[in-house]
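Asker: Handing you a structure now.
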Amino acid sequence: MIELNALLDIEKLGARGEGVSRGPHGLIFTPYALPGERIRAEVDGERGKLVEVLTPSPDRVAAPCPHFTQCGGCAVQTLAQPAYRAWKSGIVADALRNAGIDAEVAPLVAAWGAGRRRATFHSRNDQRGAPHVGFMQARSHRIYELDSCPILAPEMAGALSAARRIAEILKNLDKPLDLLVTASLNGLDLDMRGCGALDFALEQTLIGAAGDLDLARISNHGLALIERRAPKILIGRAHVAPPPGAFLQATAAGEEALARLVLDAVGGAKKTADLFCGIGAFALRLAEKAEVFCVEGEAGALAACLRGARDTPGLREIKGERRDLFARPLLAAELASFDAVIFDPPRAGAEAQARELAKSDVATLVGVSCSPQTFARDAKILIAGGLALERVTPVDQFLFSPHVELVGVFRKAPAKSARKRRLLG
């Protein structure tokens, strides 16, 4: 039963950026409400819809984007910066506390930089067959069309118009499409998802559009239709050409911030392993001063990393292995020769690999994660294996969203490190 005129007192922001209050039947989550506010809302079960702010929070500020609350891309734009940063840090602290981990959480590192260098736009046809391109509306699968987005980097200026042009070409397929656009040093790289196999004529039309739009590359679910220029990304001193649709940190500043924390933690290690290395965001920087062994499950990403290393004079040796670390984690014996190990798994975390790391005698482990919850789960395994979680640093590259990255530094107890030195002789 929907309550149309509920009065709610907001206690805190939840992990998704929604205002949390208590109702007669449990917690209620209301988007765009802030802690300390009294609001009027429509309530349906645990979901609230903000109708009116009766008592505003002293931390409430004007939203910087006119599309806020209609476009679903941002969750929190009206919270003043000190409170916003405390909320983001709190997401990490809460995940650790809920896992029973007592660790120092460093101040949040703001890594928005110039804005997002990649974005996924969605296209859906209306009943007349006309495509609508943009982001999903808040709490909906409907498309919200927008003319610009303030969280995108300047290099993404043509991304929306390119996505609209491609959606128009594909409209007769009448399929829901996702259009992933990445800004590279050589122009926009666009990967289409959801259109399936295309006939020759349609592929030729798309290739022609890539020329008209001056795209560096256009691909269909990871398979390039045409690469007019290699879409390269600068990682340290290396110029890397990622495969279509490859994972990339959302902002260049975010990647720099994460890498700086990783390199500081590794210190003077001479032989390192980079697990879940992707296209080499850490490995290619580590190789300035250490030998690096890269492990990655995606063949294209690993090849791009190793090719970038070969093409960059002056780096230390980088070797690589394609390996599914979820199914076949590196064993403790295989880890024995490394001074430091970095692991940066997908959102699912690295539970199997963490169990082997916990058995190893590696002196320094550095975990990078986009999920505080799975990081906390894996950290608990490492701590049980005798590692100390020295510090955790939250990194915010997803401005106005509930997403937060982190870097956690683990150190092996001195007794175990001494045992390793004796074994290696």
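Asker: Can you give the extra length, in nm with one decimal, that the chain gains between Arg260 and Leu185 once fully stretched, where that is 0.36 nm per residue apart less the Cα-Cα distance? Write down the numbers at each step before the final one.
Answerer: On the way: separation 75, 0.36 × 75 = 27.00 nm, distance 2.16 nm.
Once the chain is fully extended between Arg260 and Leu185, it gains 24.8 nm.
Asker: How big is the dipole moment of segment 14-120 about its Cα centre under a simple scheme where the beta carbon of each Lys and Arg is +1, that of each Asp and Glu is -1, and everything else is neutral? Debye, nearest 20, please.
Answerer: That gives a dipole near 360 debye.
Asker: Related question: Quickly rank 29-40, 392-403, 312-323 as a protection proxy: mean count of other C-beta atoms within 10 Å, highest first. Kindly include the intermediate steps, with their values, before the conclusion.
Answerer: On the way: 29-40: 20.6, 392-403: 22.3, 312-323: 14.8.
For the peptides 29-40, 392-403, 312-323, the packing ranking is 392-403, 29-40, 312-323.
Asker: How large is ³J(HN,Hα), in whole Hz, for each residue of segment 207-221 in order, when computed from phi with the Karplus curve 6.51 cos²θ - 1.76 cosθ + 1.60 and θ = phi - 60°, using x for Gly and Pro?
Answerer: Calculated HN-Hα couplings, in order: 5, x, 5, 4, x, 4, 8, 6, 6, 5, 7, 10, 9, 10, 6 Hz.
Asker: How compact and how long is segment 190-240, expressed as Rg and Dmax of its alpha-carbon atoms in Å?
Answerer: Answer for segment 190-240, Rg first and Dmax second: 12.6, 41 Å.
Asker: Give me D for segment 161-249 in µm² s⁻¹, whole number, from Stokes-Einstein with Rh from the Kirkwood sum over alpha-carbon pairs, 4 °C and 1.567 mPa s.
Answerer: Values: Rh = 13.2 Å.
The calculation lands on 98 µm²/s.
Asker: Return the whole-Å distance between the Cα centroid of segment 106-180 and the Cα centroid of segment 218-245.
Answerer: About 20 Å separates the Cα centre of segment 106-180 from the one of segment 218-245.
Asker: Roughly how many debye, to the nearest 20, is the charge dipole of the chain about its Cα centre, given +1 on each Lys and Arg Cβ, -1 on each Asp and Glu Cβ, and no other charges? All intermediate terms of the calculation are to be shown ahead of the outcome.
Answerer: Numbers: 53 positive and 49 negative charges, 233 e Å.
In debye, rounded to 20, the chain gives about 1120.
Asker: Now, a different point. For Gly320, what residues show an amide H to amide H distance below 5 Å, using hydrogens built from the backbone and excluding near sequence neighbours?
Answerer: Cys294
Asker: Gain in length, Ala130 to Arg328, computed as 0.36 nm per residue apart minus the alpha-carbon separation, to one decimal in nm? Please report the intermediate quantities before stating the final value.
Answerer: Values: separation 198, 0.36 × 198 = 71.28 nm, distance 4.68 nm.
Net length gain for the segment: 66.6 nm.
Asker: Shifting gears a bit: Binned at 10 Å from 0, what are the whole-percent values of the Cα-Cα distance distribution for segment 117-171, short to long?
Answerer: That works out to 24, 54, 21, 1, in percent per bin.
Asker: What are the equivalent ellipsoid semi-axes of segment 1-145, built from the alpha-carbon gyration tensor (square roots of five times its eigenvalues), in whole angstrom, biggest first? Present the calculation step by step, with values, prior to reporting the outcome.
Answerer: Details: eigenvalues 147, 110, 47 Å².
Calculated on Cα positions only, the semi-axes equal 27, 23, 15 Å.
Asker: Once you treat every alpha carbon in segment 283-392 as an equal point and sum by Debye, what is log10 I(q)/I(0) at q = 0.11, 0.21 Å⁻¹?
Answerer: -0.36, -1.22
Asker: What are the ³J(HN,Hα) couplings of segment 108-121, residue after residue, when phi is run through the Karplus curve with 6.51, -1.76, 1.60 and θ = phi - 60°? Round to Hz, x for glycine and proline.
Answerer: For segment 108-121, the Karplus curve yields 4, 9, 7, 10, 6, x, 7, x, 5, 9, 8, 7, 10, 9 Hz.
Asker: Taking all protein chains as present, what is the carbon and sulfur share of the accessible area of the chain, in % to the nearest whole number, probe 1.4 Å? Mind showing how you got there, number by number?
Answerer: Details: 10330 of 19270 Å².
Of the solvent-accessible surface of the chain, carbon and sulfur hold 54 percent.
Asker: Dimensions of the chain along principal axes (Cα, Å, largest first)?
Answerer: 72, 60, 33
Asker: Using the Cα gyration tensor of segment 108-203, with a ≥ b ≥ c the square roots of its eigenvalues, what is the shape: rounded (a/c below 1.5), prolate (a/b larger than b/c) or oblate (neither)? Display every interim value, and only then the final one.
Answerer: Details: a/c = 2.38, a/b = 1.48, b/c = 1.60.
In terms of gyration-tensor shape, oblate.
Asker: Here is a further query. Wrap a convex hull around the Cα atoms of segment 359-419, take a quarter of its surface area, and give that in square nanometres.
Answerer: Details: hull surface 16.1 nm².
Directional mean of the projected Cα hull area for segment 359-419 stands at 4.0 nm².
Asker: Now, a different point. Residues with beta-carbon under 11 Å from that of Ala246, excluding Ala246: net charge, scoring Lys, Arg +1 and Asp, Glu -1? Don't jump to the answer; show the numbers that get you there.
Answerer: Working: positive: Arg118; negative: Asp189, Asp191, Glu296, Glu298.
Around Ala246, the surrounding residues sum to -3.
Asker: For the chain, with every protein chain kept in place, what is the accessible area per residue (1.4 Å probe, Å²)? Display every interim value, and only then the final one.
Answerer: Values: 19270 Å² over 425 residues.
Value returned for the chain: 45 Å² of accessible area per residue.
Asker: Here is a follow-up. Amide H to amide H under 5 Å from Asn186: which residues, 5+ apart in sequence or cross-chain, H placed 1.01 Å off N in plane?
Answerer: Amide H neighbours of Asn186, under 5 Å, 5+ apart: Lys232.
The values are calculated or read from the model by the stated rules, or taken from the named source; none is laboratory data. As the structure is a computational prediction, the values presented were derived from the model and not from experiment. Note that each Cβ is placed from the backbone with ideal geometry, even for glycine, and that neighbours are counted across all protein chains shown. For the accessible areas, the whole protein counts, side chains as well, though only heavy atoms, and no ligand, DNA or RNA atoms are used. Shrake-Rupley method; radii C 1.70, N 1.55, O 1.52, S 1.80 Å.
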